[in-house]
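First the structure, in the form of structure tokens, and then the observations on it.
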Amino acid sequence: MSEPLSLLLVEDDISLKEELSIFLSDFFDTIDAFGSAEEAYERYLTSTYDLIITDIELPNQNGLSLVEKIKKKNPSQIVIVISAYKEVDYFLKSIDLGIYCFLTKPFDSQLLINTMIKVTNQLHRQYTKNDGTTVVILDKGISFDLKTKCLHVKGILQELTTKEELLLSLLVKNANSFVRNEQLCQEIWQSDEVNNSTLRALVKRVRDKLGYEECIVNLKNRGYKLTAHGV
């Protein structure tokens with residue numbers, strides 16, 4: 001049986017909010033829907049959600065400002081942004097905030113369905129990892145245990161520093177998805193002001209220990225992605 005999933009929906013158009021709530025109820029067991037960023041954030045402070053979907057144009061407070069506040073509180077929160085606007089600035093700002101994807105209105109129904117299938121499958125896989133084995137197969141003969149932080153390469157236990165363990169844990173938890181530089185720096189060094197060369201050096205050490213081709217790839221000035229063939 002699949003783990004129940006929860007959604008926070010932020011949309012000020014009442015009819016669209018109701019339509020989306022009905023449509024998304026096929027994918028989520030719990031949906032809390034609000035018409036303003038302020039109401040949504042107040043609820044977020046006391047609740048946890050598997051996914052957040054928010055419009056950009058909201059009364060009083062921009063939806064991206066809401067995402068920015070949520071990401072500061074929980075950098076790993078999965079967020080989808082929706083908007084009737086296609087301006088490049090909105091799209092780039094969304095990328096900078098590390099959102100899951102950007103959808104424009106009016107919606108392409110098949111794209112919306114495919115997106116929901118993809119994101120909910122990812123969420124269910126995360127729950128399976130958390131509830132089952134903690135060992136993740138990264139490549140042939142290479143595994144990492146999220147609980148013990150042990151990396152085995154071809155049967156040999158690799159020695160990892162504390163920061164190498166933190167980096168690898170974050171990348172494995174988000175395997176095959178990019179993790180923003182800011183999130184990595186915040187969770188590894190508890191600071192947003194870490195020199196890029198320091199992060200690159202740490203990534204290189206972990207990449208060398210993993211040893212398989214394109215194990216950690218970089219999107220310049222954006223973040224890093226661990227390629228896990230066993231996920």
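The values are calculated or read from the model by the stated rules, or taken from the named source; none is laboratory data. Everything quoted here is computed from the prediction, not taken from an experiment. Note that each Cβ is placed from the backbone with ideal geometry, even for glycine, and that neighbours are counted across all protein chains shown. Each accessible area value is taken on the protein alone, full model and side chains, heavy atoms only, with ligands, DNA and RNA left out. Shrake-Rupley method; radii C 1.70, N 1.55, O 1.52, S 1.80 Å.
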For this session: Show that you can apply the helix-only estimate: for the chain, add -39,500 (n - 2.57) for every DSSP H stretch of four or more residues, divide by all residues, and state [θ] at 222 nm to the nearest 500.
Result: -13000 deg cm²/dmol
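Rounded, prolate or oblate: which fits the chain when a ≥ b ≥ c are the square roots of the eigenvalues of the alpha-carbon gyration tensor, with rounded for a/c under 1.5 and prolate only if a/b beats b/c?
Here the chain falls in the prolate category.
Take the cross-link list LYS71/LYS204; LYS72/LYS173; LYS173/LYS204; LYS154/LYS204; LYS73/LYS209 and give me the ones stretching past 23 Å between alpha-carbons.
Checking Cα-Cα distances, LYS71/LYS204; LYS73/LYS209 exceed 23 Å.
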Seminar exercise, completed: Net charge (Lys, Arg +1; Asp, Glu -1) of residues whose beta-carbon lies under 15 Å from that of GLU187, GLU187 excluded, is +2
Problem set entry | Charge dipole magnitude, Cβ of K and R +1, D and E -1 - the chain, Cα centre, debye nearest 20 | 1320
For this session: Find me the longest stretch of the chain that has none of the exposed trypsin sites (Lys or Arg not before Pro), where exposed means in a DSSP loop (not H, G, I, E or B) with at most 14 other Cβ atoms within 10 Å.
Result: 1-85
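Give the ranking of HIS124, HIS229 by solvent-accessible surface, highest area first, calculated with a 1.4 Å probe.
Reading off the accessible areas and sorting them downward yields HIS229, HIS124.
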